[in-house]
Amino acid sequence: MANKEETKFWNRIRPDLNQIGWFLKTQMLAQLGIPDVIGVINGQFIALELKADEQGHGGKTEKLQEIILERIANHGGFCRKVWPENWPKVYQELLLISRRGKNV
């Protein structure tokens, strides 16, 4: 998540995420290929790869990113590539995770 548009997107969704779980932006902290945002909701590991738009702002997800997202998913993690247009759908999925086991 190196470009300004993705950083703006992160700043927009961060309050939503922080209401339902714990999240950390990994930029500048992680090795190559680690998703942009990792966190936990209701005991569920969450990995989000942020993009400025559906096409990845002029590029696509790198092969290493795809491999890591697949490995996380194969071990029970919730992984999504997220851009502004699909954020409402992904956020609804995250809300469902946050409500598991609760009487809402």
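Every number here is computed from the coordinates shown, using simple stated rules; none is lab data. On a predicted model such as this, the values are computed, not experimentally measured, just so you know. Glycine also receives a Cβ, built like all others from the backbone with ideal geometry; neighbour counts cover every protein chain displayed.
What nm distance separates the two modelled labels at F45 and I67, each placed 7 Å from Cα along Cα→Cβ?
Computed distance between label sites F45 and I67 equals 1.7 nm.
For F45, enumerate residues with amide H under 5 Å from its amide H, sequence gap 5+ or separate chain, H modeled in the peptide plane.
Result for F45 returns F78.
Taking 2.2 N^0.38 Å as the expected size of a compact globular protein, what ratio does the Cα radius of gyration of the range 4-98 give against it, to two decimals?
In units of the 2.2 N^0.38 Å rule of thumb, it is 0.99.
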